[in-house]
1. Are there any pairs with C-beta distances below 7 angstrom linking a residue in region 41-68 that is part of a strand (DSSP E or B) to a residue that is hydroxyl-bearing (S, T, Y) and surrounded by 15 or more Cβ atoms within 10 Å (Cβ to Cβ), with the two at least 6 apart or on different chains, and if so which?
2. Looking at (1) open to solvent by 80 Å² or more (accessible area, probe 1.4 Å); (2) modelled with pLDDT under 75, find the lone condition where N28 falls short.
3. Which of the residues belonging to region 85-111 are hydroxyl-bearing (S, T, Y) and surrounded by 14 or more Cβ atoms within 10 Å (Cβ to Cβ)?
4. Being within 30 Å of L49 (Cα to Cα) and either of a type outside the set (A, V, I, L, M, F, W, C) or in a loop (DSSP other than H, G, I, E, B) (or both) narrows it down to one of F105, F98, so name that one.
5. Going by the structure shown, is S93 assigned to a loop (DSSP other than H, G, I, E, B), without any contact (Cβ under 8 Å) to a residue 60 or more places away in the chain and at negative phi?
6. Anything in region 69-107 that is of a type in the set (F, W, Y) and under 24 Å from the mean Cα position of the chain (by Cα)? List them, or say none.
7. Here is a list: D152, D82. Which entry is free of Cβ contacts under 8 Å to residues at least 12 places away in the same chain, charged (D, E, K, R), part of a loop (DSSP other than H, G, I, E, B) and surrounded by 10 or more Cβ atoms within 10 Å (Cβ to Cβ)?
Amino acid sequence: MRAVLLSLRRAFVVVLLFLAAAPAFAVNPDEIIADPALEARARNLSAQLRCMVCQNQSIDDSNAELARDLRLLVRERIRDGDSDEQVIEYVVSRYGEFVLLKPRFSAKTYILWATPLILLAIGATAMIVYARGRTAKPTGRKLSEEEQAALDRLLGK
């Protein structure tokens, strides 16, 4: 029984290792630029661009056909001498701001960037209001003689 558990554990670890390396298999060998510096730039840019099919992965991690096309486009633009900013601008001009995994701060996205701060302020205000409401406030009214007698009876006085 112990040997079976050990072999199952090893198999599980091997499967996890293969799954962890899965994004590394997204870039096909025929896409890679021979110059290591240009390839590093291409990988860096690809990691910043969203796969329009997967939407939660970069094009560098995605195996979708559109992601492959975008990786090839990025590499082509780099080979043509474009700077990183020019490549990003070109892709954004074709696919819109949504293609960026990290949106830029602009008039269009300020609400996106401000929302966490607004929610934090609302939460802090709610906590303060709630905490102030929980403090016991004396009413300032004395007990009547009947109420005082009932209380003394309960307390055994």
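1. These pairs meet every condition: L49/S58; R50/S58; S58/S46.
2. (1)
3. Y90, Y95 - these are the residues of region 85-111 that are hydroxyl-bearing (S, T, Y) and surrounded by 14 or more Cβ atoms within 10 Å (Cβ to Cβ).
4. The unique qualifying residue is F105.
5. No.
6. Y95, F98, F105, listed by residue number.
7. D82
Table: residues versus (1) at pLDDT 90 or above; (2) in contact with an Asp or Glu (Cβ under 8 Å, 6 or more places away or on another chain).
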residue	(1), (2)
A34	no, no
N44	yes, yes
A64	no, no
D69	yes, no
L73	yes, no
V87	yes, no
F98	no, no
I111	no, no
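The values are calculated or read from the model by the stated rules, or taken from the named source; none is laboratory data. Remember, it's a predicted structure, so these values are computed and weren't measured experimentally. Positions of Cβ are generated from backbone atoms using ideal geometry, with glycine treated the same way; all protein chains shown enter the neighbour counts. The accessibility values were calculated without ligands, DNA or RNA, using every heavy atom of the protein model including side chains. Shrake-Rupley method; radii C 1.70, N 1.55, O 1.52, S 1.80 Å.
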